[in-house]
Amino acid sequence: MKKLKQILFALIIVIVVGAIGYKLFEEVSNKDSKKEQVKDESGKVVSYTGNYQELLDKEFDKAKSDKEFEFKQDNIYDLVHWMSNPVIKAKQGKKVGFIEPNPDNIYRLKTILEKIKIPHRDFFLENLKNWEKGKFTNVEDMHNTAWKMLDGSIGRAIGEDKDEINNLKEKYYK
């Protein structure tokens, strides 16, 4: 009987330690992930879980390799959308997903777009060339074009965020 109690006690300890270890592992592996949830106009919850910068970096690494570049069209529209989010004002003030439009990130997105063929590619490239110089042209149209290609239902751009654009210019384009 004493041996059975010892085995049960050891088993309980293993289960508790395993559960704690699993929880800690889960927290560490999700540390860099972001979960955005917003309700659209119809009440449907729109969400994205992931690291926005990570997707840009992953697609850039694929694009700069010598191999044929395979991509998901929606991923590319997501990247344009997320990079334009910081510099727009959104209807209802709701934005999901952010990638800072700094010179390095703009270069990465431009490199990706130069290697692929998708609708509106030339429009995006033309404007990103201006963005690289600190001239944030057509931010509203850039956002809404990508947003429409993703069947966006919340956060339509209704103008540019001049304060954020000025902050970016001050930070990167002095």
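Odds and ends about this structure:
- Among the residues examined, Leu55 does not qualify as under 30 Å from Leu128 (Cβ atoms), surrounded by 10 or more Cβ atoms within 10 Å (Cβ to Cβ), touching a Leu at 6+ places or on another chain (Cβ under 6 Å) and at pLDDT 60 or above.
- Scanning region 135-148 for residues that are in contact with a helix residue (DSSP H, G or I) (Cβ under 7 Å, 6 or more places away or on another chain) and crowded, with 16+ Cβ neighbours inside 10 Å returns Phe136, Asn138, Val139, Met142, His143, Thr145, Ala146, Trp147.
- Here Lys67 fits the description: free of Cβ contacts under 8 Å to residues at least 60 places away in the same chain and either loosely packed, with under 13 Cβ neighbours inside 10 Å or not assigned by TED's automatic domain parsing to the domain that holds Thr137 (or both).
- Matching residues, region 160-169, being assigned to a helix (DSSP H, G or I) and either in contact with a strand residue (DSSP E or B) (Cβ under 8 Å, 6 or more places away or on another chain) or surrounded by 14 or more Cβ atoms within 10 Å (Cβ to Cβ) (or both): Glu164, Ile165, Leu168
- Unmet requirement for Ile158, which otherwise passes all of (1) touching a residue at least 40 places away in the same chain (Cβ under 8 Å); (2) β-branched (Val, Ile, Thr); (3) touching a Phe, Trp or Tyr at 6+ places or on another chain (Cβ under 9 Å): (3)
The values are calculated or read from the model by the stated rules, or taken from the named source; none is laboratory data. Computed from a predicted model, the values in this text were never measured in an experiment. Positions of Cβ are backbone-derived with ideal geometry, glycine not excepted, and every protein chain shown enters the neighbour counts.
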